[in-house]
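The values are calculated or read from the model by the stated rules, or taken from the named source; none is laboratory data. Everything quoted here is computed from the prediction, not taken from an experiment. Methodologically, a virtual Cβ is constructed for each residue, glycine included, from the backbone with ideal geometry; neighbour enumeration extends over all protein chains shown.
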Protein chains: 2
Amino acid sequence: MTTQKATHQLTKQHNRDLVLMTIFNHDIISRADIARATNLTRTTVSDIVTVLLNEGLVKEVGFGSSQGGKSPILLSIAADSRFLVGLSLGKEKFIGAVVNLRGEIKDIVEFPVEDSNGEQALQLVYQILDQLIKKRKKSIAGIGVGTPGLINTREGIVLTSVNLDWQDLPLAQLIQKRYGLHVSILNDSQATAIGEYIYGGDHKEHKNMIVVNVKHGIGAGILINGRLFQGDGGGAGEIGHVVVEKNGALCRCGKHGCLETIASVSAVTQRVQTRVREGAKTSLPKNSHAITLDTIEAAFKSGDSLTRQVVLNAGHYLGISLANLIGTLNIQKIVLTGDMTRFGTEWFDAVQKAMHDAALTRMAQDTKLEIGTLDFKACVLGASALLTLDGYSLLFNQSSDS
Amino acid sequence: MTTQKATHQLTKQHNRDLVLMTIFNHDIISRADIARATNLTRTTVSDIVTVLLNEGLVKEVGFGSSQGGKSPILLSIAADSRFLVGLSLGKEKFIGAVVNLRGEIKDIVEFPVEDSNGEQALQLVYQILDQLIKKRKKSIAGIGVGTPGLINTREGIVLTSVNLDWQDLPLAQLIQKRYGLHVSILNDSQATAIGEYIYGGDHKEHKNMIVVNVKHGIGAGILINGRLFQGDGGGAGEIGHVVVEKNGALCRCGKHGCLETIASVSAVTQRVQTRVREGAKTSLPKNSHAITLDTIEAAFKSGDSLTRQVVLNAGHYLGISLANLIGTLNIQKIVLTGDMTRFGTEWFDAVQKAMHDAALTRMAQDTKLEIGTLDFKACVLGASALLTLDGYSLLFNQSSDS
């Protein structure tokens, strides 16, 4: 009996999630069209919609054109009925945002990260969340965190995050205890991939997509059949530590010649600094501290040959890695995000050329490479995108508490 | 009305597939346990089982222990009620097998492949199929073909297969026309991966698995959530053409330094031949024609230093590629198959060591590397494994014709 009851409860929740997801995936939709899309009976759909209307998650927004009988009432997600919090923990700053059910950012805060140890980084996370959650406590459905490093999403643990000096930190549990909200944590590149996929354009036409995030580190998020693929250990997409140069520069991971040591923002900055110290001809200042991504970008765009060489070489090696991804996964849509995209068309062309040269012709020519459209927002949006992933049930539980 | 009828038909077929799959996945099972496993009602299960019994696909094999009432009748797949044909089109030989529903090989034929052009290769395929199908025409449910090259499985087209000199060949359609049977074609490494996954051991405990097939060429088959992942263009797993050595040897794909030019059977053979011609010290004969995989294997096992060097170097580079796979997919089970596995423990250790050295420690230590157990059978079994993939409906349609 108990099992039957549990199964019944599960079916009920599943049907509710299905209806909610269907409404979410359409701007506006009638009850009859929901029934057609879900194969649920009209009665079941109507009952569920009534509950969703009472909870304020869904609203009636007008009438559709009549198919002979009464004009159908159109339904839509009540975008501001619940909010999600997304956090992006970058090397130089932490960004937090309150996002509504349509991915519209309602509040955003940004804190610079000084050289902080693990505990300070955690306090900074709390500080941001305190500030964001205070105002809307009652209507917040969950918190998502995108953080660099190797993450066990299922158990909510940061296994290692070199930048933040975190080791085996039960981050999800800590935040959950403090705020009493559902928390999910993700690798930042994986979160960025979700953000781009859901909110970044017409990506949803593609079942599979790879987002390669090129910042201080390099990571990828892989979407397979419309869902994030994390691998068995949560680390899928850790392409920054693929060795691309035998006996290359020492990487922070302890190996030599990793992609990150050539193609990342850190690598480009360090390489330019070193070359300047060695006396290379450049329009950049001689003082290493003055050589930052901003000044390198300016020099690059004004045609400085040193920065062009380093940046385009970075693009070249990134392209070779993309060719490897194409060979391994044959996913035909690849989106580039992160600070390196600031180098624009010329960098992009270097990446694309190397990708085409290094991949099997037939596989490369069917692959579409593009630059993401959301900038830093991709990560906070992806981290907050619980609703569109496994979060339907979350909204269910949330509403029954309130 | 038509749509409703179609939906009803689809549901019926889906339920039937579900019951068939459940029986297939258990050695023996009662109707009541099928109902529990599928969440279908007992009446629905009983009705479907009756049809399956009538069609001979399922049989009653005895009684289980009573749970208080009558002893339940136990059901099992009738392994020899239908047969599948699997083909493996290798560089040196084509192998064809008739396989029953439990993956037991009932007939096997093997034809050597002389240097044949595309048309000759196709005639050889027909010759094998003629011979295998003749005897059991009425009970054969379908044909699966594992062939090297880039394959569009959905449309049944061999896009390019250098070895066989095939370009845009509609192989599935040609075979289907000739024999009137359902045909699916797959890349040989992908077929091998399916074979190993289903019949090779306790792999089904793992949702995700990679099989790396190291023969004359190198390819991988990637299983995600228990299903073959082919990518958008069917070419997922084409890791043989990932560049691992800058300015390395010329590959048959036109690029330089591909994994295949170092780590494949062809590469090892050619490298040993070249070194012998150059006068390297070895126990091998000086005549290039006498230097084959067999003689190299014998020399390797008797401690010949030249062959040891070439073979272990091949293993080393394969290991680096596995590290890249681990970084990209974080799949924790990797199985090695193909002729290179004949070099045994020492080769395996070289692969594993390089893999550990090149991958992030935390990701490598959780990855289990092993050698496949099925040898050449993996490919024919995988090619024939329609039933356990999308073939349930196939058996349905098949039975309604007979």
Item to complete: Please specify each residue of the stretch A:360-381 satisfying the condition of being touching an Asp or Glu at 6+ places or on another chain (Cβ under 9 Å) and over 18 Å from A:I198 (Cβ atoms).
Response: A:L360, A:M363, A:A364, A:D366, A:T367
Fill in: Per-region count, the stretch A:258-281, residues part of a loop (DSSP other than H, G, I, E, B) and surrounded by fewer than 20 Cβ atoms within 10 Å (Cβ to Cβ)
4
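Quick grid of which residues meet (1) at pLDDT below 95; (2) in contact with a helix residue (DSSP H, G or I) (Cβ under 9 Å, 6 or more places away or on another chain); (3) within 29 Å of B:I210 (Cβ to Cβ):
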{"residue": "A:V243", "(1), (2), (3)": "yes, yes, yes"}
{"residue": "A:K246", "(1), (2), (3)": "yes, no, yes"}
{"residue": "A:C251", "(1), (2), (3)": "yes, yes, yes"}
{"residue": "A:L284", "(1), (2), (3)": "yes, yes, no"}
{"residue": "A:D304", "(1), (2), (3)": "no, yes, no"}
{"residue": "A:Y317", "(1), (2), (3)": "no, yes, yes"}
{"residue": "A:L325", "(1), (2), (3)": "no, yes, yes"}
Discussion item. Quick check on the stretch A:81-113: of everything there that is more than 30 Å from A:S264 (Cα to Cα) and touching a residue at least 40 places away in the same chain (Cβ under 8 Å), which residue is surrounded by the fewest Cβ atoms within 10 Å (Cβ to Cβ)?
Written reply: A:S81
Discussion item. Whether any residue in the stretch A:303-313 is within 14 Å of chain B (Cβ to nearest Cβ) and either in a helix (DSSP H, G or I) or in contact with a strand residue (DSSP E or B) (Cβ under 7 Å, 6 or more places away or on another chain) (or both) is what I want to check.
Written reply: yes
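Residues of the stretch B:357-382 being over 18 Å from A:G231 (Cα atoms) and not hydrophobic (A, V, I, L, M, F, W, C), which ones?
Within the stretch B:357-382, B:D357, B:E370, B:G372, B:T373, B:D375, B:K377, B:G382 qualify.
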Worksheet item: Under the condition of being part of a loop (DSSP other than H, G, I, E, B) and without any contact (Cβ under 8 Å) to a residue 40 or more places away in the chain, which residue from the stretch A:219-235 is surrounded by the fewest Cβ atoms within 10 Å (Cβ to Cβ)?
Response: A:N225
Worksheet item: Mind checking which residues of the stretch A:50-69 are part of a loop (DSSP other than H, G, I, E, B), in contact (Cβ under 8 Å) with a residue 12 or more places away in the chain and over 13 Å from A:S30 (Cα atoms)?
Response: A:E55, A:G56, A:L57
Worksheet item: Before we move on, is B:A79 among the small types (G, A, S) and under 19 Å from B:A385 (Cα atoms)?
Response: yes
Worksheet item: Quick one: how many residues across the stretch A:147-189 are in contact with a Pro (Cβ under 7 Å, 6 or more places away or on another chain), of a type in the set (G, A, S) and farther than 16 Å from B:M363 by Cα?
Response: 1
Worksheet, complete the sentence: Restricting the stretch A:268-278 to residues that are in contact (Cβ under 8 Å) with a residue 24 or more places away in the chain and closer than 19 Å to A:N163 by Cα, the one nearest to the other protein chains (Cβ to nearest Cβ) turns out to be A:V268
Worksheet item: In the set B:V113, B:V45, B:V49, B:V98, which member is modelled with pLDDT under 90 and touching a Lys or Arg at 6+ places or on another chain (Cβ under 9 Å)?
Response: B:V113
Worksheet item: So which residues in the stretch B:360-372 are in a loop (DSSP other than H, G, I, E, B) and either within 30 Å of B:A141 (Cα to Cα) or at pLDDT below 90 (or both)?
Response: B:L360, B:G372
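Conditions tested, residue by residue: (1) surrounded by fewer than 24 Cβ atoms within 10 Å (Cβ to Cβ); (2) within 14 Å of chain B (Cβ to nearest Cβ); (3) not in a strand (DSSP E or B).
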site: A:S283; (1), (2), (3): yes, no, yes
site: A:T295; (1), (2), (3): yes, no, yes
site: A:A298; (1), (2), (3): yes, no, yes
site: A:H316; (1), (2), (3): yes, yes, yes
site: A:N324; (1), (2), (3): no, yes, yes
site: A:Q352; (1), (2), (3): yes, no, yes
site: A:L374; (1), (2), (3): yes, no, yes
Response to the item:
B:I331: passes all of (1) of a type outside the set (G, A, S); (2) within 14 Å of chain A (Cβ to nearest Cβ); (3) in a helix (DSSP H, G or I) but (3)
Worksheet item: So which residues in the stretch B:237-267 are within 12 Å of chain A (Cβ to nearest Cβ), in contact with a Ser or Thr (Cβ under 7 Å, 6 or more places away or on another chain) and among the hydrophobic types (A, V, I, L, M, F, W, C)?
Response: B:I239, B:V242, B:V244, B:C251, B:L259
Worksheet item: Filter the stretch A:165-177 for residues that are surrounded by 21 or more Cβ atoms within 10 Å (Cβ to Cβ) and within 14 Å of A:Q120 (Cβ to Cβ); which is modelled with the lowest pLDDT?
Response: A:W166
Fill in: Any chance A:H216 is in a loop (DSSP other than H, G, I, E, B), out of contact with any Leu (no Cβ under 7 Å at 6 or more places or on another chain) and surrounded by fewer than 24 Cβ atoms within 10 Å (Cβ to Cβ)
yes
Worksheet item: What number goes with the only condition from (1) modelled with pLDDT under 95; (2) away from chain B (no Cβ under 14 Å); (3) within 23 Å of A:V125 (Cβ to Cβ) that A:G217 does not pass?
Response: (2)
Practice prompt. State whether one or more residues within the stretch A:154-164 are touching a residue at least 60 places away in the same chain (Cβ under 8 Å), more than 21 Å from A:K377 (Cα to Cα) and exposed (fewer than 15 other Cβ atoms within 10 Å of the Cβ).
Written response: yes
Fill in: Output for the stretch A:170-203, where each listed residue is basic (K, R) and not in a helix (DSSP H, G or I)
none
Discussion item. Among the residues that make up the stretch A:198-208, is at least one of them free of Cβ contacts under 8 Å to residues at least 40 places away in the same chain, facing chain B (nearest Cβ under 9 Å) and closer than 25 Å to B:G233 by Cα?
Written reply: yes
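One line per residue, one yes/no per condition, for (1) among the hydrophobic types (A, V, I, L, M, F, W, C); (2) closer than 27 Å to B:I224 by Cβ; (3) in contact with a strand residue (DSSP E or B) (Cβ under 7 Å, 6 or more places away or on another chain):
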residue: B:N152; (1), (2), (3): no, yes, yes
residue: B:E155; (1), (2), (3): no, yes, no
residue: B:D168; (1), (2), (3): no, no, yes
residue: B:A172; (1), (2), (3): yes, yes, yes
residue: B:Q176; (1), (2), (3): no, no, yes
residue: B:G180; (1), (2), (3): no, no, no
residue: B:I185; (1), (2), (3): yes, yes, yes
residue: B:G195; (1), (2), (3): no, yes, no
